[in-house]
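Nothing in this text is a laboratory measurement; each read-out follows from the coordinates by a stated rule. Please read all numbers here as calculations on a predicted model, not as lab measurements. For neighbour counting, all protein chains shown are included, and Cβ atoms are generated from backbone atoms with ideal geometry for every residue, glycine included.
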Amino acid sequence: MIASTPRYIITGQLRRDYAILPSGKVLLDVPGGNLIYAAAGLTLWEPEPPPGLVARVGEDYPQEWIDNFEKNGFDTRGIHVLAEALDLRSFYTYAERNLRLMDDPVTHFSRLGLEFPKTLLGYRPPTLNLDSRTKLSPTSIRQGDIIPDYLDATAAHICPVDYLTHTLLPAVLRQAGFTTTTMDPSPGYMNPTYWDNIPALISGLTAFLPAEEEVRALFHGRSSNLWEMAEALADYGCEFIVIKRGEGGQLLYDSATHSRWEIPAYDARVYDPTGAGDAFCGGFLAGYRRTFDPLQAVLHGNISASITVEGYGVFYALDALPGLAQARLDALRQAVRKA
């Protein structure tokens, strides 16, 4: 078992993925979840010491998967296995290369003439309900889930979990002495209903990393200008706002200098878009701690995402050719534009 104190910790969710990829390839019950993709995006740049993973899973989650995470360079001591079963199944497919659908899987397997997998029987697609302000879910991260060893780290990324997790963790990490905390918001609270709650959520963060569709949903009826949105969010006390735009790259707003940057997505050969945004966030954290430059951080995240989408599986990016990430980073620097 890995026993060294990590420099980075990542909190998020682990899933059991069922997917039909844009190529038509079918994946049945494979490791997934934002946590593991973010960890891979970080480890591409900073493999040692292994990042600490924090998540909650049920007793039915395959132990061999957790063992494999450790073999691939992750510190799994923060994965809390509950004494109950949890349905962590997740189905998705793609209508287009970057249009992800998560509706009834029966329709999609039937459309392709594929036998419906027995292990998906009883699966219900996720609903678009808002997060609860008062009730923890079984996978919500609690303060006690962060083991003492992890509190000696100084940098963390918080993946999408839920509203209550995101209200709790930044304060816990600040109290422990973390100097860098980044957060990717949950769609369940990026909604005008939560407008008055957002300032307290992001105040004191190093970086807030929403997807374009999430920030547009939050600002619905208030603004349609992404730069206005980024500046408004930064005014709540966050150093950097990064809006992830998929194939459109990223927008970076620096609150200290009021600088605006547009970074195009690296021109990758997209095989499986799954986990690209999470890998970006992991790469961003590694890049920021390497350079303490937000623009360089975005470039690192951009390259993590570009390598992730060129194959499938949570470990694909970790098998990249030596020097590939750095070569892409050097090339992408030339395409950055100040807005």
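Backbone amide hydrogens, once placed in the peptide plane, bring residue 91 within less than 5 Å of 18, excluding anything fewer than 5 places away on its chain. Secondary structure note: in the chain, about 45% of the DSSP beta bridges are antiparallel.
If you take every DSSP beta bridge whose two residues both sit in the range 129-275, what share of them, in percent to the nearest 5, is antiparallel? Please report the intermediate quantities before stating the final value.
Details: 10 of 19 bridges.
Antiparallel bridges: around 55 percent, rounded to the nearest 5.
The mean sequence separation of alpha-carbon pairs under 8 Å and at least six residues apart, normalised by the residue count of the range 11-140, gives a relative contact order of 24 percent.
Just want to confirm a number: the relative contact order over the range 171-241, from Cα pairs under 8 angstrom separated by 6+ residues, in percent. Walk me through the numbers on the way to the answer.
Details: 76 pairs, mean separation 25.7, N = 71.
Normalised by residue count, the contact order of the range 171-241 is 36 percent.
Around the amide H of residue 211, modelled in the peptide plane, lie the amide H atoms of 244, all under 5 Å away and 5 or more residues distant in sequence or on another chain.
What number, in percent, do you get for the relative contact order of the chain if the mean sequence gap of Cα pairs under 8 Å and at least 6 apart is divided by its residue count?
Numbers: 709 pairs, mean separation 61.3, N = 339.
Value for the chain: 18 percent.
Electrostatic tally near residue 316: other residues with Cβ closer than 9 Å to its Cβ, Lys and Arg +1, Asp and Glu -1, net -3. Sorting 218-226, 243-251, 293-301 by average packing, meaning the other beta carbons within 10 Å per residue, from highest down gives 293-301, 243-251, 218-226.
Could you compute the net charge surrounding residue 88? Neighbours are other residues with a C-beta less than 14 Å from the C-beta of residue 88; K and R count +1, D and E count -1.
Working: positive: 15, 16, 56, 89, 124; negative: 17, 29, 59, 60, 84, 87.
After counting each charged neighbour, the total is -1.
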